[in-house]
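What follows is a short report on a single structure.
Please treat every number below as a calculation from the coordinates, not as lab data. These numbers were taken from a predicted model, which means no experiment stands behind them. With ideal geometry, Cβ positions are generated from the backbone for all residues, glycine too; neighbour counts draw on all protein chains shown.
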Amino acid sequence: MPDESKQITRIDLQPEEIIRSVKTRFRACNYLFNTGAIWLGVGAILNLLSAISNDRSYFEFAFVIMMIGTAIFTAAFALTLAIYRCPVCDTYLSRFRKDKLRCPSCNAQVKESK
Ligand SMILES: [Zn+2]
């Protein structure tokens, strides 16, 4: 019996659809990363202020804010692993891949060339 599983997972998409889809996925992950970064940043500033002013009263509050930031970051990481994939072959697209314009596995164009 021929193995057809690979053919089933390969979806025929228009190049614009692939690029648009990857862009949306990247944006969703990026927003979540930025949200996490904002919480972490605010927490770090509060932490610093608490240390400078020697007022420990909001140290715990700053810690909680930083924990929320870390939690959002972790979620962003998980989401990226789950959805930041090539729409054609489902390969994970690393942010640090060599060729940002193309999928490393199936060579489909995933980003507009500028
Ligand atoms: Zn691919």
Worksheet item: What residues qualify as long-range amide H neighbours of ARG85, i.e. H under 5 Å apart, gap of 5 or more or another chain, H built at 1.01 Å from N?
Response: LEU93
Response to the item:
The simple spin-label model distance between ILE83 and ALA28, using points 7 Å out along Cα→Cβ, in nm, is 0.2 nm
Worksheet entry | Helix 59-83 axis, angle to the chain major axis (alpha carbon atoms, nearest 10°) | 0 degrees
Worksheet item: Near the amide H of ARG97, under 5 Å away, which other amide H atoms are found, from residues 5 or more places off or on another chain, if H is placed in the peptide plane?
Response: none
Practice prompt. Quote the relative contact order of the chain in percent (integer), defining contacts as alpha-carbon pairs under 8 Å separated by 6+ residues.
Written response: 33 percent
Response to the item:
Rounded to the nearest whole number, the Stokes-Einstein translational diffusion coefficient of the chain at 20 °C and 1.002 mPa s (Kirkwood radius, C-alpha pairs) in µm²/s is 129 µm²/s
Worksheet entry | Of ALA28, VAL64, LEU40, farthest towards positive along the dipole that unit charges on Lys, Arg, Asp, Glu beta carbons give the stretch 16-114 | ALA28
Item to complete: Any chance you could run the full-extension gain for GLN109 through ALA44? It's 0.36 nm times the residue separation minus the Cα-Cα distance, nm to one decimal.
Response: 19.5 nm
Response to the item:
GNM of the chain, Cα pairs under 10 angstrom: of PHE77, PHE61, PHE96, the biggest fluctuation goes to PHE96
Discussion item. If I fit a long axis through the Cα atoms of helix 15-52 and take the longest principal axis of the Cα atoms of the chain, what angle between them do I get, 0 to 90°, rounded to 10?
Written reply: 10 degrees
Response to the item:
Candidates ASP99, ASP12, ASP55; GNM for the chain (alpha-carbon contacts under 10 Å) flags as most fluctuating ASP55
